[in-house]
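Novice: Please see the structure below; I have some questions.
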Ligand SMILES: Nc1ncnc2c1ncn2[C@@H]1O[C@H](COP(=O)(O)OP(=O)(O)OP(=O)(O)O)[C@@H](O)[C@H]1O
Ligand SMILES: [Mg+2]
């Protein structure tokens, strides 16, 4: 039996701890209160209860604080076989701690090269992997110069950004200036844990158009394979905001194979060597172009959407991989299609009152699964980051288009019930639907 150390987890990632315990392994769970907002209190409690050892650390960017928590947990560092995180905010801390105690983990340098979006683009350029024009800047003047060199429209995003924090599409110089005019205030408005990860650097990059996809790439023992591709729903109003995913991707078989090869090339170039990595890619008229790589398994609701049609628990697969298990057969065979949509509002809105406590039950009955976090009279925020959605709908169907239509139909009926608009989603452009 082995000893697995988790440096933070997503809410759904608690399933990884559960799988490790069911398999008879020892589990240590180190958590950071700054990231409590990424899971429900019940999920956080469950992770602590599942673990044989647990302790809190104060700052994932302070290696001594994370190592100190390991010592405080009572676990023997020598006995730890592998260290991982399912939460973006914990990925670097997990990789660094693994290296520090001599356990299996993702390469710290590879993790940093993925997290630092400027370094990532630099590595891709150096290695000849197709990417987009970019510059790293620290102020509006530098950004205006960069945008001029790249050509409008551009996107401005924090070099270490996660969850859509302080990200703007800029069609012209006025929009670049507007981004920097409000950037400091927007940053101050973020949850402390989100703000803490950012530094003063922004990436100005070519804004590419097309359909957005993601690939989960598994790596171990010098081999990398694309496990599964998903298409991603974005907001029609602001395509920076993501509103859900569908598997399979709906791409033709040759296009999906090309996407998988591209995502593997990206991970290999960055030195991502052990784990499952989430690669976001735009299908542009000139081919596939990287948006970003997260050096951990996909977050959000996608792990469960994949598991619902893959017939395997992707968290179990992740744990087994870190403990030295073989790479799974790829791509994962899928039985049917699954799609999920987030509920989010374009503007601050109020859920009508009265509304029965179980108002969601009839909608859930039309779905495979889902949840909501709002009831009568609740005020919902305008969606600015991934953490502003207030519910999720998941449907299974024979084809991707049918699964998407089932989500959209329920979403439209919830909109009618609420009497205010939800953020409308854009799925693949019709020409790209197989
Ligand atoms: N160069 C680009 N061209 C076109 N769209 C882009 C580009 N870069 C980012 N985007 C859009 O903005 C979104 C956010 O960018 P990115 O994924 O880099 O940020 P993030 O904050 O790390 O997101 P998350 O952590 O939620 O995945 C992307 O999902 C994509 O829709
Ligand atoms: Mg992203």
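The values are calculated or read from the model by the stated rules, or taken from the named source; none is laboratory data. Keep in mind the model is a prediction, meaning the values are calculated, not measured. Using ideal geometry, Cβ is built from the backbone for each residue, glycine included, and neighbour counts are taken over all protein chains shown.
Novice: If I go through segment 148-164 residue by residue, how many of them are within 16 Å of ligand 2 (Cβ to nearest atom) and touching a helix residue (DSSP H, G or I) at 6+ places or on another chain (Cβ under 9 Å)? Give the derivation first.
Specialist: Start the filter on segment 148-164 by keeping residues that are within 16 Å of ligand 2 (Cβ to nearest atom), which leaves 155-164.
Subsequent filtering for residues that are touching a helix residue (DSSP H, G or I) at 6+ places or on another chain (Cβ under 9 Å) retains 156-164.
Matching residues across segment 148-164 total 9.
Novice: Hey, another quick one. Filter segment 415-434 down to residues that are buried (at least 19 other Cβ atoms within 10 Å of the Cβ) and not in a loop (DSSP other than H, G, I, E, B), then give me how many there are.
Specialist: The initial filter retains those residues of segment 415-434 that are buried (at least 19 other Cβ atoms within 10 Å of the Cβ), namely 418, 422-423, 425, 427-428.
Keeping just the survivors that are not in a loop (DSSP other than H, G, I, E, B) gives 418, 425.
Of the residues in segment 415-434, 2 are buried (at least 19 other Cβ atoms within 10 Å of the Cβ) and not in a loop (DSSP other than H, G, I, E, B).
Novice: Right, here's the next one. Taking segment 187-205 as the region of interest, how many residues are within 16 Å of ligand 2 (Cβ to nearest atom) and not in a loop (DSSP other than H, G, I, E, B)?
Specialist: Residues flagged as within 16 Å of ligand 2 (Cβ to nearest atom) and not in a loop (DSSP other than H, G, I, E, B) within segment 187-205 amount to 4.
Novice: Turning to a different aspect of this structure: Of all the residues that make up segment 119-132, how many are within 13 Å of ligand 1 (Cβ to nearest atom) and either outside any helix (DSSP H, G or I) or surrounded by fewer than 19 Cβ atoms within 10 Å (Cβ to Cβ) (or both)? Lay out the reasoning, then the answer.
Specialist: So in segment 119-132, the residues within 13 Å of ligand 1 (Cβ to nearest atom) come out as 120-121, 124, 130-132.
Within this subset, residues satisfying the condition of being either outside any helix (DSSP H, G or I) or surrounded by fewer than 19 Cβ atoms within 10 Å (Cβ to Cβ) (or both) are 130-132.
Total satisfying the criteria: 3.
Novice: Further, regarding this structure: I'd like to verify a number: residues in segment 236-271 that are out of contact with any strand residue (DSSP E or B) (no Cβ under 6 Å at 6 or more places or on another chain), away from ligand 1 (no atom under 15 Å from the Cβ) and in a loop (DSSP other than H, G, I, E, B), how many?
Specialist: Here the count works out to 4.
Novice: Quickly run through segment 242-258 and pick out the residues that are under 23 Å from residue 162 (Cβ atoms) and surrounded by fewer than 24 Cβ atoms within 10 Å (Cβ to Cβ). Walk me through how you get there before you give the answer.
Specialist: From segment 242-258, those under 23 Å from residue 162 (Cβ atoms) are 242-247; that's our starting set.
Matches in segment 242-258: 242 only.
Novice: Another question, if that's okay. Checking the conditions here, which among 303, 346, 331 is at negative phi, within 16 Å of ligand 1 (Cβ to nearest atom) and modelled with pLDDT of 95 or more? Reasoning before the result, please.
Specialist: Values: 346 fails: within 16 Å of ligand 1 (Cβ to nearest atom); 331 fails: within 16 Å of ligand 1 (Cβ to nearest atom).
Matching residue, one of 303, 346, 331: 303.
Novice: Let me ask another. Select from segment 20-41 the residues that are assigned to a helix (DSSP H, G or I) and more than 21 Å from the chain's Cα centre (by Cα) and write down the one among them that is surrounded by the most Cβ atoms within 10 Å (Cβ to Cβ).
Specialist: Within segment 20-41, the subset assigned to a helix (DSSP H, G or I) is 20-22, 33-38, 41.
Filter once more, so that each one left must be more than 21 Å from the chain's Cα centre (by Cα): 20-22.
Numbers: 20: 29, 21: 16, 22: 11.
Top of the filtered list is 20.
Novice: Ok, one more. If I ask for residues that are without any contact (Cβ under 8 Å) to a residue 24 or more places away in the chain and assigned by TED's automatic domain parsing to the domain that holds residue 182, which ones from segment 125-141 would you list?
Specialist: Result: 141, single match.
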